[in-house]
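The values are calculated or read from the model by the stated rules, or taken from the named source; none is laboratory data. Just so it is clear, the structure is predicted and the values come from calculations on it, not from any experiment. Every residue, glycine among them, receives a Cβ derived from its backbone with ideal geometry; neighbour counts consider all protein chains shown.
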Amino acid sequence: MAELEPQAPPAEPGLPPSIAPQAAEPVGAPSTPTLATATAEPLPDGQKRSRRPSRKELRHQPAHAASRRPARRRRGVLDILLTLIGEALITAGAVIGLFLVWQLWWTGIEATQKAEAATKTFTQTQVESPKTAGTKHTEPPPAMPQVGYGETIGMLVVPKWYGVTNNNMPVIEGTGPDVLDQAAAGHYSDTQQLGEIGNFAVAGHRRSNGNSFRRVDLLEPGDEIVVSTKDVWYVYTVESHEIVLPSQTEVIAPVPGHPEQAATEQYLTMTTCHSVNVGEWGNDHRWIVHAKFSYWMPRSEGRPESVLKDPEVN
């Protein structure tokens, strides 16, 4: 806001600020010593000392004789409007900043806590798996039975993300906000189950609520994606990625990208938000990773080599 110019303190009515009334000393009163006070010289004979004008006389002086006070600076309508706009922008900026802190930081803390709780509960039901490389089985794997909405299917492990971002998260049935906001991978309920011919498709947040799939951009052909259920390891190998519009749901068809075809193989598809302008910070597009089933092994026989180095994988 514009500052106002300083004003002189108000004087008594009728007095210019430069003339202040002096209290008359009582007749015969003893003089009071003061510091550095000049002594009046006596006037020559026949001369009279000038008399101080009375208040009444001063009140009747012409108006121009009075001291002119500094004019108060008047603020125009434009100044006031610009000030209000500036204050509104500052307030809006603060609100947006707080929202971003909540969206990108606090939601991540809450989601991570939920994911840790779901992981702890599920891993207690898993068959113990020796921390040695198991034998790869390439015959058809056992099919995972259907579970209810919100129930945990298994754990999704992305070895490429080890040491970079969260690479071990629960896979939960459904893709609603109540599922994805748990820093989990949500299974599209209308796609196939693990071990079935077709497409096991999952979704995850990229930015906010745990950033589950934030680093999908690191996945390259040949990288493994692992899903661990209560008693089986399912291993898929990345083949490709693409960026599509949210409406292009054919990417999660039984044969990804070809809904008119009948599936003869097993696939895994990961979907997450993406923007062609701001990358991981937007959601006008979707980043898609396509992987094909490679092998499986019982948990009781060991582990895929790609997960052995990760101490957090159960």
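Of all residues in the stretch 243-286 being more than 25 Å from Pro177 (Cα to Cα) and in contact (Cβ under 8 Å) with a residue 60 or more places away in the chain, which is farthest from the chain's Cα centre (by Cα)? Checking each candidate, the answer is Thr264. Among the residues of the stretch 240-250, those identified as within 21 Å of Pro159 (Cα to Cα) and surrounded by fewer than 16 Cβ atoms within 10 Å (Cβ to Cβ) are Ser240, Glu242. Per the listing Val164, Val238, Val232, the residue uniquely among the β-branched types (Val, Ile, Thr) and under 20 Å from Thr112 (Cα atoms) is Val164. Taking residues in the stretch 222-242 that are farther than 15 Å from Leu308 by Cα, and partners anywhere that are assigned to a strand (DSSP E or B) and among the basic types (Lys, Arg), the pairs with Cβ atoms closer than 8 Å and at least 6 places apart or on different chains are Tyr236/Lys292; Thr237/Lys292; Glu239/Lys292.
Which residues, taken from the stretch 256-314, are over 16 Å from Lys160 (Cα atoms), polar (S, T, N, Q) and surrounded by fewer than 21 Cβ atoms within 10 Å (Cβ to Cβ)? Listed by number, the residues that qualify are Gln261, Thr264, Ser275, Asn277, Asn283, Ser294, Ser300, Asn314.
Counting only residues that are modelled with pLDDT of 95 or more, outside any strand (DSSP E or B) and more than 17 Å from Arg214 (Cα to Cα), the stretch 145-174 holds 6 of them. Against the conditions (1) surrounded by fewer than 16 Cβ atoms within 10 Å (Cβ to Cβ); (2) within 15 Å of Phe200 (Cα to Cα); (3) over 30 Å from the mean Cα position of the chain (by Cα), Asp231 satisfies every one except (2).
Here are some residues: Gly163, Gly186, Gly204, Gly154. Which one is surrounded by 19 or more Cβ atoms within 10 Å (Cβ to Cβ) and free of Cβ contacts under 8 Å to residues at least 24 places away in the same chain?
Details: Gly163 fails: surrounded by 19 or more Cβ atoms within 10 Å (Cβ to Cβ); Gly204 fails: free of Cβ contacts under 8 Å to residues at least 24 places away in the same chain; Gly154 fails: free of Cβ contacts under 8 Å to residues at least 24 places away in the same chain.
After applying the criteria, what remains is Gly186.
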